[in-house]
Every structure is written in C-alpha cells, then in structure tokens.
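Encoded as structure tokens, the structure appears first; notes follow it.
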Amino acid sequence: GKGALGAEGTETLRYREEMRDPELSSFDPERCPSGDNGVARLSGCDGKACVLSVLHDGHWGGVCGEDSFSEASAGVVCGSLGFTEHRAEFVKGVQLKGVSHHRSWLSGVRCSGDEDQITECRHGGWGVLHDACRGQDSHVGICCRRF
C-alpha cells in the first residue's frame, strides 16, 4: 500500500544523499563501478567501461582484448569484485586513462565462467603478448552494470 511506497521514497533520498559524498563516487550511476580485490582491479572508469588490471609479480598490468576475451571472462571479473548480480559487459581497446601502469600482463584469456578470479582462467602466459597487444589502446575494459 501507501506506506511501502513512502519507505521506498526515503530509501531513494538516502541514496541521493550518499551520492553527494565524494568518498562514494564509485556509486555514481553514470559511471561503471570501480573495484579492487588485490588480484584484479577496475579503475579509470567512465560510462562505458573501466580499465581491467591484474596484479603479477608485485606490479599491475593490463589485459589484452583479443577475440578470445568473452562475456564469461568479464563475468568472472565482476563476480570476483563482488558484483555478482550485475551484468558484465566488456569493451576491447580502451585507453589507459586513470591507471598507473602502461604494461600488459595477459593475452589470450579464456574463462569458462566458473573461475573465482581471472588469473585462474586459461591464458597465454604472464607477459607473453601478441604484437596486437602492444598498443596503448589494446586493453580490455569492463563494466559491471547495475541493471
């Protein structure tokens, strides 16, 4: 009835209040959510995607977006960052903006979708890159959409 609707309105107001807090800027509905679990990281986010990075040997690096990268791989990343209910989308060829590294770590990534982390998926080896992966805009971007 009417009461439930009122409660929902309060929830929305509280959400809008949180939105004004810069500490919670990753909750901006206009941007894809960022995340970091110590193995995979999504950063440099905009409305289309965040840059995907993976940690290896103490250094962060990108993942090359070739044909093998799929929605299953994007789903593994989103799930590992706690976005289990979100719709995983990926973009090939994002610019490395807002990230501190300019190296690529992985190419040929193939996930089945059952892995806990992207580093458990099949890939071509750490730092073993195809020529197509050497460009600045060859990295994978991922968006864990909220709806």
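What follows is calculated from the coordinates using simple rules that are stated; it is not laboratory data. Treat the numbers as computed from the prediction; the structure is a model and nothing was measured. As a convention, Cβ positions derive from the backbone with ideal geometry for all residues, glycine included, and neighbour counts pool all protein chains shown.
Tabulated data
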quantity	calculated
J(HN,Hα) series, the range 76-90, from Karplus relation 6.51 cos²θ - 1.76 cosθ + 1.60, nearest Hz, glycine and proline x	4, 4, 4, x, 5, 9, x, 9, 5, 8, 7, 8, 8, 10, 9
Computed lengthening from D36 to F147, 0.36 nm per intervening residue step minus Cα-Cα distance	37.9 nm
Inter-probe distance in nm under a simple model that places probes 7 Å from Cα toward Cβ, at R110 and R122	0.3
Net +/- balance of residues flanking T119 in space, Cβ distance below 15 Å, scoring K and R +1, D and E -1	-3
Among beta bridges that DSSP assigns inside the range 36-132, antiparallel share in %, nearest 5	85
Pair R87, D57: separation of 7 Å Cα→Cβ label points (nm)	3.9
